[in-house]
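Notes for the one structure printed next.
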Amino acid sequence: MGIRHDVKQGLEKYEITKIDGQPTDEDLNLLTKELTNAAGSVATLNGGGEHGHVGMVIDDAEYVTFSNGGARFVVPTNPGPYPATVDTDKIIRERQLAEHKAECNEYETYLGVENYLRRMIVKSIDHEWLAEVESETMGFNHLSPKALLTHLRNVGGTLDHMDVTELFTNIQKPWDGIEAPAAHFARGDKFERQLLKVGQSKNPELRLAFALATFQASGEFEPALREWGVKPKADQTFANFRVFMQKEFGKHHKQNKTTAKSVGYGIANSITDKEIDQIEQLEAQALMIAELANSMKDESQKQFKEMMEMFKATLEKNSPSPTNPKKPKTGADKKKKKCPHCGLEVYHKPEACFELEANAAKRYAGWTSKKST
């Protein structure tokens with residue numbers, strides 16, 4: 001049936017997600033990834049030969065960063081029905097004919113992949129978002145897959161202020177206490193990459209602050225966080241914290257499984273205790289972040305303050321309510337009380353105050369006494 005037909009049949013197994021309504025930046029990122037997976041499965045020597053036809057989907061500048069030897073993906077031209085020159089020498093002539101046949105196969109394969117990619121883009125998008133570039137006679141056949149994707153980003157996939165705000169909010173979402181920290185951080189990386197498109201540079205100090213706050217609030221890793229707090233400042237980076245927390249999560253998970261087998265430790269009870277403890281830990285969490293903010297560069301302060309306001313609101317919104325909250329002895333809702341040791345209006349019990357030497361081991365990194373303030 002021909003090379004184009006064979007290419008089409010080979011690519012039909014790849015599924016492309018349908019996008020309903022205006023395509024967002026995240027929608028187009030997913031579409032690009034799905035198209036890349038399909039295009040990369042069709043082998044070619046073009047562009048270094050390692051990534052198939054991926055160069056038909058992504059920008060040239062991005063492609064050369066990971067291609068073999070920095071090779072560019074070049075759009076092949078029609079070699080024509082016959083070789084441009086044919087030598088009189090039989091051996092040379094046969095080589096020229098073989099090279100021409102290979103060029104024809106390469107060109108036909110390229111057209112087969114291009115037709116599939118273009119068809120999948122049109123199929124996945126509501127027509128109204130492509131109508132502007134549709135030809136009355138050619139339909140979309142005059143446009144390359146990259147041209148169609150560029151058009152979609154221009155008409156729907158750009159990030160406005162609402163999108164940026166949502167991305168910041170998503171980065172700040174607290175750890176849910178269940179998924180692996182590696183997955184939690186990876187999701188934040190995805191949002192961070194989208195923010196880079198609108199000029200929001202990476203801020204590892206800020207992400208470290210959020211990470212410390214959310215894992216402190218979980219109440220699951222107090223010994224580990226104390227260990228982190230005494231590390232040299234040069235080692236207290238966001239990159240190191242990611243690795244550190246994933247290792248601690250692995251150890252914690254194994255310990256919980258062992259305990260569950262021996263004493264019937266239930267997940268429901270664990271969650272209830274954690275939720276109750278969160279209220280008392282919010283104050284310590286805020287103080288810890290404030291100490292970290294003081295050590296940040298001046299140019300980061302304004303962004304940090306704005307982000308922290310958003311983080312506090314997100315934390316309050318997403319913190320789960322206890323299923324069986326402990327009631328004060330009076331039966332009334334829990335309220336702040338003045339602590340006789342630190343002199344502040346707080347939630348913690350007097351005997352849990354960090355001012356007491358008996359609780360020195362529980363103090364978070366950067367803690368300072370409030371007696372002198």
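FYI, it's all coordinate maths here, none of it is from the lab. Keep in mind that this is a model prediction, so the values were computed, not measured. Here the Cβ positions follow ideal geometry from the backbone for every residue, glycine too, while neighbour counts run over all protein chains shown.
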Self-check item: region 115-181-region 1-48 distance, computed between alpha-carbon centres (Å)
Solution: 14
Quiz prompt | Total formal charge among the other residues, if their Cβ is under 12 angstrom from that of Lys247, Lys/Arg +1 and Asp/Glu -1 | solution = +1
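Could you tell me how many cubic angstrom of Cα convex hull volume region 85-225 has per residue? Don't skip to the answer; put the middle values down first.
Values: hull volume 32.3 nm³, N = 141.
It is 229 Å³ per residue.
Summing +1 for each Lys or Arg and -1 for each Asp or Glu, what net charge is found among the other residues whose Cβ lies under 12 Å from the Cβ of Pro76?
Taking every other residue near Pro76 into account, the sum is -4.
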Exercise. Compute the signed sum of charges (Lys and Arg +1, Asp and Glu -1) over the other residues within less than 15 Å, Cβ to Cβ, of Val54.
Key: -3
Quiz item: In what order do Glu345, Glu26 fall by count of nearby beta-carbon atoms within 10 Å, going from fewest to most?
Solution: Glu345, Glu26
